[in-house]
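Take a look at the structure set out below.
Coordinate-derived values only; no laboratory data. These figures come from a predicted structure and were not determined experimentally. When we count neighbours, we look across all protein chains shown, and the Cβ atoms used for this are built from the backbone with ideal geometry, even at glycine.
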Amino acid sequence: MIKIRIADLNIEIMNRYGFIATQTKDYETDFEKADISVSVSDEELEFERTVAEGEHAPEYLESTAVYRKIAEAIASYSAVVFHGAVIALGGKAYAVTARSGVGKTTHLSLWLREFKDEVHILNGDKPILRDIGGVIYACGTPWRGKEGFGIPEMLPLSGIAFLERAKENSAAAISKGAALMPLISQIYVPKGEGARSALTLVDKILDKVPSYKLSVNMDPEAAHVARRAFCK
C-alpha cells in the first residue's frame with residue numbers, strides 16, 4: 001500500500017506494481033486516516049487497455065486507472081483533474097491549456113528559457129484544481145507528463161490561458177461565457193453525482209480566475225506576451 005498527499009488530501013493506494021510507488025515517491029507521506037482509498041480491479045485495467053493509445057505495460061495501465069479513480073473521488077472535495085500545465089511565478093500559479101499538438105510543451109519551454117529562475121513548472125500535464133476556503137488552488141500531482149515537469153506544491157490559481165497557434169503573438173481577456181466550454185473540455189468530468197460537483201467547481205473557477213485567449217507562435221516573444229497578460 002502507498003500513502004500520498006495530493007491537493008491537501010490523504011490518499012491510500014492498494015497497488016499491485018512497483019511503478020506507481022516510484023511515480024508517487026515525491027508525494028509519499030504517512031497518516032492514520034485516508035480521505036480517499038483506491039484499488040484497481042482486473043476489469044478496470046482492461047478498460048484502460050482498451051482506451052489507451054498504443055500498447056502499454058500493466059504497470060502503466062494501473063497508474064492511469066488509479067488516477068482515473070482519484071479523479072472520480074475528488075469531486076466530492078471540490079476538486080477536479082485539469083488537462084493542462086501550470087506555471088509558478090511570484091508565488092502564484094498560471095494555467096496554460098490547449099488541444100493536443102498546439103504546442104503547450106514548447107510554450108512551457110519558452111517560459112523556462114526566457115525567465116529562468118523566476119519561474120518553474122508546478123505541473124506539466126495533469127494538475128488538480130481545488131477550491132479550499134473560497135480560494136482556487138493549482139496542485140501538483142505525480143501525473144505530470146512524459147517530460148516530468150512538476151513538484152509537490154499548491155499555489156493560488158491567478159490566470160488560465162487557452163493557447164492557440166497564430167502568426168502573431170497576442171493575448172486578450174475573455175468572458176466567463178467564452179471560457180466555459182474550453183475549460184470543461186480540459187477537465188475530467190466524473191460520472192453520476194460527481195459531474196454536478198465538478199461543473200459547480202468550474203463555475204467557481206471562472207468566477208474567481210481571469211481567463212485569456214493566448215494566440216502565439218513559437219518565438220520567444222510568445223512567453224513575454226503571455227506573462228504580460230497574466231501579470232498586468
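Only lysine pairs 8 or more places apart, or on different chains, with alpha-carbon atoms under 17 angstrom apart are counted in the stretch 84-232, and they number 14.
Each stretch of four or more DSSP H residues adds -39500 (n - 2.57); spread over every residue of the chain, this sum gives -10500 deg cm²/dmol at 222 nm. Taking the centroid of alpha carbons for each part, the stretch 208-232 and the stretch 51-68 are 33 Å apart.
Which value in Å is the Kirkwood Rh of the stretch 19-85 over different Cα pairs? If you can, show how the numbers build up before the last one.
Values: mean 1/r = 0.0745 Å⁻¹.
Taking every pair of different Cα atoms in the stretch 19-85, averaging 1/r and inverting gives 13.4 Å.
The simple Förster model, with R0 at 41 Å and r as the Cβ-Cβ distance, assigns R5 and C231 a FRET efficiency of 0.85. Relative to the current alpha-carbon distance between S100 and E32, full extension at 0.36 nm per residue lengthens the span by 20.5 nm. The long axis of helix 42-51 is offset from the longest Cα principal axis of the chain by roughly 30 degrees. Karplus-derived 3J(HN,Hα) values for the stretch 186-203, using 6.51 cos²θ - 1.76 cosθ + 1.60 with θ = phi - 60°, are 10, 10, 7, 9, x, 7, x, 5, x, 5, 5, 5, 5, 5, 5, 5, 4, 4 Hz; glycine and proline are entered as x.
Per q in 0.12, 0.17, 0.18 1/Å, what log10 I(q)/I(0) does a Debye calculation on the alpha-carbon atoms of the stretch 1-123 return? Ignoring solvent entirely, the Cα scatterers give -0.58, -1.05, -1.12. Taking Cα atoms only, the orientation of helix 58-73 departs from the longest principal axis of the chain by about 70 degrees.
Under 11 Å from a label point set 7 Å out along the Cα-to-Cβ vector of R113, the amide N atoms of the stretch 215-232 belong to 218-223. With q set to 0.08 Å⁻¹, the log10 of I(q)/I(0) for the chain, from the Debye formula over equal scatterers at the Cα positions, is -0.29. Annotation: aspartates and glutamates with alpha-carbon distance below 16 angstrom to K69 (same-chain offsets under eight excluded): E12, D35, D42, E43, E44, E46, E48, E59, E193.
With a cap of 13 neighbouring Cβ atoms within 10 Å, and only residues DSSP puts in a loop, list the trypsin sites (Lys or Arg not before Pro) found in the stretch 121-162.
Filter output for the stretch 121-162: K146.
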